[in-house]
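Step one of this worksheet: look at the structure below.
The values are calculated or read from the model by the stated rules, or taken from the named source; none is laboratory data. Bear in mind that the values here come from a model prediction, so they are computed numbers and not experimental data. Glycine also receives a Cβ, built like all others from the backbone with ideal geometry; neighbour counts cover every protein chain displayed. SASA here: full protein model, heavy atoms, side chains in, ligands and nucleic acids out. Shrake-Rupley method; radii C 1.70, N 1.55, O 1.52, S 1.80 Å.
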Amino acid sequence: MTTEFAQVLERLRAEKPLVLSLTNSVVQNITANMLLAVGAAPVMLNDAAESEQLLRTAAGGLLVNVGTLSHPQAEQMRRAVDAAHAAGVPWVLDPVAVGLLSFRTEFCRELLALHPTLIRGNASEIMALAGVAAGGRGTDTTEESAAAVQAAQQLASQCGCAVLVTGAVDYVTDGDRLLALANGDPLMTRVTGVGCAMGALAAACVAVAPDAFTGAAACAAILGLAGERAAARCPHPGSFAAALLDELDSLNPADVVHFVRLDEKSCLR
């Protein structure tokens, strides 16, 4: 599959998909920069009508991230998802801190009925969204990613989507297939916004991939490998943040083919 991930990276740079990121106010800068570093094009909007227009005319992907959710933003997100469906634009749900707070939990469960293309979250978020756990500690997970595999498969089957569970090992499933990817570094959890920006990167990958499962797995592979390489030369958070962008920019398809570590035995078929 690493060849397929490399092809996704090539298509990102060739097609430069425009990704509308309805995301939290803390992470907009790193989200935009990570998209630019891989060759995609970021846009952030605060107006519901403008979001609908962009999705009808130009956007290749949509991220819905509920990190700093407000009632007006929730309405913009509902309208954006409806517009994405009408235009055939794939959309990613990032259920930040679901399970801990009731407003975002109820809203994200409402969005499940609108059939996201991909759900990306840490283990606690995925388990809470599936209704099998109470949630984590804010944006921090209290579970290992492997603990959420069954919940991820349940969500994928229920919603007809792919699910990406992030952690020391990332798991991707569509309810049938299951893949584990083991690149990355703990420093990725010590820079604000890397996980949230991953949702936008996933939206870009899914926009150019043959299916959501491949796009989600390619996203985990690309970001994990870049993070691993950035940490090897910049072992502290400040310099690591800049190095991560550099590594995303310099990553080439051959690197993805040869250095991404995945567990083929974890595929169900």
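Assorted remarks:
- Applying 1/(1 + (r/R0)^6) with R0 = 35 Å to the Cβ-Cβ distance of His71 and Gln150 gives a FRET efficiency near 0.60.
- Ordering of 143-149, 124-130, 230-236 by burial proxy (mean other Cβ atoms within 10 Å per residue, highest first): 124-130, 143-149, 230-236
- Cα centre as origin, Lys/Arg/Asp/Glu Cβ charges: the chain dipole, Debye: 40 debye
- Helix runs (DSSP H) in the chain reaching 20 Å along axis by Cα, Kyte-Doolittle at least 1.0: 194-208
- Read-out volume of the Cα convex hull per residue in Å³, derived from the coordinates shown; its label in [x] 197; [y] 103; [z] 123: [y]
- Counted residue by residue at 0.36 nm each, then reduced by the alpha carbon distance between them, the extension gain from Leu114 to Asp263 reaches 50.5 nm.
- If both residues of a DSSP beta bridge must be in the chain, then about 35% of such bridges are antiparallel.
- The chain, relative contact order [Cα under 8 Å, separation at least 6], %: 22 percent
- Distance from the Cα centroid of region 86-138 to that of region 1-31 is 20 Å (rounded to whole angstrom).
- Peptides 156-166, 200-210 ranked from most to least packed give 200-210, 156-166, packing being the mean of other C-beta atoms within 10 angstrom over each peptide's residues.
- Probe 1.4 Å, protein heavy atoms only - accessible area per residue of the chain in square angstrom: 39 Å²
- With every protein chain in place, the chain: carbon and sulfur % of accessible area (1.4 Å): 51 percent
- Interchain or long-range residues, amide H under 5 Å from Leu63's placed H: Leu20, Ser21, Leu22, Val92
- Potential lengthening of the chain between Ala49 and Ser250 amounts to 68.7 nm, from the contour at 0.36 nm per residue minus the alpha-carbon distance.
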